[in-house]
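Take a look at the structure set out below.
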Amino acid sequence: MALRRFDIEAGGDRFAFKPETEEKIAFWRGKYPADKQRSAVIPLLWLAQKDNAGWLSEPAMREVADRLEMPYIRVYEVATFYTMFRLQPVGKHHVQLCGTTPCQLRGSEGLKEVCKKEIGKPMYVTDDQRLSWEEVECLGACVNAPMVQINDDYYEDLTPESLSAILGRLRNGVDVAPGPQIDRVNSAPEGGTTVLTEPSLFDGSRNKVAALPNLPQPPAPQPTPEATGKPEVKGPTNVHREEPAKVNDRAEPVKPEEARASAFDDLKRINGVGPKYEQMLNDMGVTQYAHMAAWSQAKVDEVEKLLGFNDRIDREKWVAQAQLLAAGKFDEHDREYGRGKD
Amino acid sequence: MSDTFKLNIDGQEVEVPKSYTLMQACEEVGAEIPRFCYHERLSVAGNCRMCLVEWEGAPKPIASCAEIVGNMRPNKDGSAPIIRTKGAYVEKARNGVMEFLLINHPLDCPICDQGGECDLQDQAVAYGRADSRYDENKRAVEDKNMGPLVKTIMTRCIQCTRCVRFVAEVAGVEEIGMISRGESAEITTYLEKSLTSELSGNVIDLCPVGALTSKPYAFNARPWELRKTSSIDVMDAMGAAIRVDAKGDAVMRILPETSEDVNEEWLSDKSRFVWDGLARQRLDRPYVRQNGKLHAVTWPEALDAVKAALSVNADEIGVVAGDLIEAEQAKAALDFFSGLGVKSTDCRPAGAQYGTSGVREHYLLNPTLAGVEESDALLLIGANPRIEAAVWNARIRKSWLWGNLKVAVIGEAADLTYPYDHLGTSPDALTSAAVVEFFKGAKRPMVVVGEAAVCRADGAAILAAALKLAQDTGAIAEGWAGYGMLHTAAGRVGALDLGFLPAEGGKATADILGSGLKTVVLLGADEVDLSKLGAAKVIYVGSHGDAGASRADVVLPCAAYTELSATYVNTEGRVQMTTRAVQPKGEAREGWAIFRALSAVMGKALSYDTADDLRAVLRGKAGENTPFSGRGYAPGAKGVAALSATLPAGGASLGSQPFKRAVADFYLTNPIARASRTMAECSALATSLDTAVAAE
């Protein structure tokens, strides 16, 4: 970072915010109490820079200081501390070229050469006032390296050729679409996706098990284990859910009243079932109290074996608990067995 | 919860208040903690890391200046935390800090003015390595302009930010800042404009390295070849403690000394940089005007000329004492002239209307300079402490900033570096409802009248009204005398104490100068209107060739304040003494000795032959209580009783003319300052700045 000083000559002696900026200034100042107005110095400097063709002149900085009733030196300190405040004139299109390691590894050195050739030294403004450039530290778009920021937009996945083309177009007053400059959407793979490309994954045609309990079934009739069409539980099935919709979003706590209507009951309410077991039970297709209430002794033995413990289901009377809960007798259940912990 | 906390520092148990910093606690047991950025009178920055100490159990060394004892916790077993300020751990930490500080610091000590009194130099010797391991390029920083007083060599800066904090907190003008960051960080004023504070010279003392040094003193001397003399400043009426550094017969520089009751450890720029005026325009031999031109003569010839001039009717003689007169000279002169029967003697060249009541407390700053820190409401009447007592202004600002002082002003609405209620510009505002409202609820009100308020026709009425206001608002109470005068001249209170005032039937300054007296004696009085003197014979006794000397018919050279041991009484009534640092110039004599010699020539020899005899007379006999009996303390609230009575208003009523400034130009108030090139430069700069502001 080189010495940063105001370009006094280029700054002239006058600066005024644009009338339409006043609203934004009022917005930022409104965020701070009357005696802490100086907290708004950075947003105001930023607005001043926007209103002053992309750089902060000395009168512009003074204007900000006067508005916030700050000594000039205090604003000067802030303006020189943050390199995003440019103290020298810049072109209409100011290129901030990322030179930090990921971009460098992906070829930002080559881009630098382009800038030097097409524009000149850093912070030099071309004679037509259209272009200038500087090297900056990481702009946080490493996945699309190498990249530059031109005014407010990112231009990513550049090559010397594409950057050169962009600069040429900007110089001629032609707009360039921001974003990746190769065949790629945002940060998606180049040339399109290479996995999960089967159309049937997305058209719903593979959604054979329409009756899966974990699918939203708005006016769902109480499904029985038989009706779910779930295969017999033989082991951890690690069911692959075809539908990516967030039907299994259990972050929302289910209120007891709603539990019956929902496809998922809060199995944790059963004393003895924790989040882990609930997940395992859900994976077996057991998602409702009713499912468990209908368990036969043989089924209980089978599940115990699967969960890897002996006699616990009997001892803690999961089935009896589930029967109460399935019948909606929550209070009675809590009295009898105690409410299960989450 | 107890207010103290136990610490074990270097094996010594100590209990300190919780408000202490760890550094203060360490100093309590006598441990020496090196520091650069920390300063007692500034806020804590904690950025130099030199004050690291070891706290047993802490993962890292602790910056002791920024660690509040109240935030520390005892050990697990409840015992006091163990702090070590010595030992290999601390040494290594400080050694590392020092190495970093020296990375970019140039090794230009041989040409650095700070050399010999440099914190970095001293501490590098004490805590640093013997050699450098740094092979890279050093950083260089452009020098900055900070005005005619402060010279900058910014490559030497270690970014302690003491100067930034000083101008923002103490001086009250936010003009220095640190711009950019990291390796590019630089200390500068805004766009290299000059500092506009009257206290800017203090950043030179504060700078722990040679980055900010004295511009007038640059390359003049080395600290170890200077003779250092503790003395008293006479540039304003505060009587700040100073150290006069001299080489041979020249004063090389003036530095402040610590005096908590007066100037803390600051000094105004005028007091600090006036020393070049002590070597210019000096009167080093007597002169007598012959055929319209002043000719150098011998002392006997000059005294004969004076004798001739004084051989007129005593009523035709007038004496005006100037601003810098020391008590000894005033006493000898007064004794001499009253021996001749002269009645027209006055020590108020600007025509101030104080001193006539015979009560000392009426013209003292009774609440005392330090007392403002106890006050909670201060009313300044026709006073601008920023230019009349710049260092005191910093103390007012401190009380406003950190204490609960509020300030109101009746008079010129100047920038005092702190906000105040402006209650009016003219004396009639003294009786307004706003003043009563301002003092409502104040426990320690303070009314201070400035010189400008009493140098006018209604001056006596203003004084009376101000005293009445103080009495009415409860400013005069047991243990608190909240009424005072802020003087502008160092010699004034001493002369008033001696009664250097018109005797019964005598004339005051304006009449002495303007009523066609035959002989007028000016004791260093140059700021008076000399144009109406007419054909009067003028005898000038003073140290500098200024307005008075150029009008004079006889010039008697006397010593300046650095050249004699003399008594001054500051605006609080604090009796202090200067110390002779250098010899008087040429044939100049101490002021009192001139009048002793004159008295012999006139055949009415004064009773004292030495300065000590004279001072014994001043002090009075054993058991007698005169203003000069004690030394070094301010009477303060002792004068409450005398202030309870009302003061005669002198006939005039409070006028509606606005108050004027007492001091037109801070930098040029007296002959010494007017002889100083540095002060002239500062004055020119300040004037141009004033004009620029006015133009906006």
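Table for the structure above
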quantity	calculated
Residues satisfying the stated conditions in segment B:464-508, i.e. assigned to a loop (DSSP other than H, G, I, E, B) and β-branched (Val, Ile, Thr)	B:Thr473, B:Thr488
Where B:Asp205 falls short, out of the listed (1) assigned to a loop (DSSP other than H, G, I, E, B); (2) under 21 Å from B:Thr678 (Cα atoms)	(1)
Residue selected from segment A:36-54 under the condition under 14 Å from A:Tyr76 (Cα atoms) and of a type outside the set (Gly, Ala, Ser), by the criterion nearest to the other protein chains (Cβ to nearest Cβ)	A:Arg38
Checking B:Pro584 against (1) at negative phi; (2) surrounded by fewer than 19 Cβ atoms within 10 Å (Cβ to Cβ); (3) out of contact with any Gly (no Cβ under 8 Å at 6 or more places or on another chain), the condition it does not meet	(2)
Number of positions in segment B:282-301 that are at negative phi and not in a strand (DSSP E or B)	9
Among (1) crowded, with 18+ Cβ neighbours inside 10 Å; (2) under 24 Å from B:Ser194 (Cα atoms) - the single one A:Asn52 does not satisfy	(2)
Top-ranked residue of segment B:184-197 - restricted to ones that are at the interface with chain A (Cβ under 8 Å from one of its Cβ atoms) and assigned to a helix (DSSP H, G or I), ranked as nearest to A:Glu69 (Cα to Cα)	B:Tyr190
Those helices (runs of 4 or more DSSP H) lying entirely in segment B:597-688 with at least 3 residues more than 27 Å from B:Val391 (Cβ to Cβ)	B:611-619
Selection count, segment A:1-35, where residues are of a type in the set (A, V, I, L, M) and away from chain B (no Cβ under 14 Å)	5
Given (1) without any contact (Cβ under 8 Å) to a residue 12 or more places away in the chain; (2) assigned to a loop (DSSP other than H, G, I, E, B); (3) over 30 Å from the mean Cα position of the chain (by Cα), number of the condition A:Ala165 does not satisfy	(2)
Scope segment B:77-120; condition touching a residue at least 40 places away in the same chain (Cβ under 8 Å) and either of a type in the set (S, T, N, Q) or closer than 22 Å to B:Gln12 by Cβ (or both); matching residues	B:Ser79, B:Ala80, B:Pro81, B:Ile82, B:Ile83, B:Arg84, B:Thr85, B:Lys86, B:Ala93, B:Arg94, B:Asn104, B:Gln114
Positions within segment B:121-144 being exposed (fewer than 12 other Cβ atoms within 10 Å of the Cβ) and either in contact with a strand residue (DSSP E or B) (Cβ under 8 Å, 6 or more places away or on another chain) or not in a loop (DSSP other than H, G, I, E, B) (or both), in sequence order	B:Val125, B:Ala126
Residue within segment A:99-110 that is in contact with a Gly (Cβ under 9 Å, 6 or more places away or on another chain), more than 13 Å from chain B (Cβ to nearest Cβ) and surrounded by 21 or more Cβ atoms within 10 Å (Cβ to Cβ) present	yes
Residue that is nearest to B:Ala470 (Cα to Cα), among those in segment B:381-424 that are of a type in the set (Phe, Trp, Tyr) and touching a strand residue (DSSP E or B) at 6+ places or on another chain (Cβ under 7 Å)	B:Tyr420
Filtered residues of segment B:215-257 (kept if of a type in the set (S, T, N, Q), surrounded by fewer than 21 Cβ atoms within 10 Å (Cβ to Cβ) and modelled with pLDDT of 95 or more)	B:Thr229, B:Ser230
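The values are calculated or read from the model by the stated rules, or taken from the named source; none is laboratory data. Owing to the predicted nature of the structure, the values given are computational and were not obtained by experimental measurement. Every residue, glycine as well, gets a Cβ built from its backbone with ideal geometry; the counts of neighbours run over all protein chains shown.
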